[in-house]
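Below: the structure, in structure tokens.
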Amino acid sequence: MSQSTHPTNTELEKLSDTRLTLDDSSQDIRNRKVFDRHGEEIGAVNDLFIDPIERKVQMLEVRAGGFLGIGDRHFLLPVNAITSVTEGKVHVNQTREHIVGSPVYDPALIVAPTREYWGQYYGYYGMSPYWGPGFMYPTYPISREYPETND
């Protein structure tokens, strides 16, 4: 793990909206079920938010409930909340109740979140933000540029 040297003018992007991929595709946790610290299922990892400068995953988008996208909710969790990743499962250090009570996240309404927007999630979960002094990146996959194809 290395100390953050993150510039102050960058924001997070959804991995699915970029040309980046994870260095090791076997570590892609999207679509894996998310379980709280008591083993209760919360939902599934819908997407990953990355720091486009340092190319590291910083936030998980977890989708819970609903049927065919109707009635579902999305929650954001800092990647630091992950305690372990197993076959098909992501375990986090928060309770389901705490996650459900987190600040509202609606992917349809948020176009370009600001640093203040991300800060509310780090504060809610009691974690240091990735741009803060002394922040240590968790051991998590680093994304890389996806090669151009000439189809």
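Only the coordinates and a few stated rules stand behind these numbers; no lab work does. The shown structure was predicted, so the numbers you read here are calculated from the model rather than taken from an experiment. Neighbour counts run over all protein chains shown; Cβ positions are idealised from the backbone, glycine included.
Just how large is the dipole of segment 13-130 about the Cα centre, in debye to the nearest 20, putting +1 at every Lys and Arg Cβ and -1 at every Asp and Glu Cβ?
With Lys and Arg at +1 and Asp and Glu at -1, about 60 debye.
Can you list residues from other chains, or at least 5 along the same chain, whose modelled amide H is less than 5 Å from the amide H of ILE42?
VAL34, PHE35, ASP36
Given H placed 1.01 Å from N in the peptide plane, which residues other than close sequence neighbours of LEU22 have an amide H under 5 Å from its amide H?
Long-range HN contacts for LEU22: ARG144.
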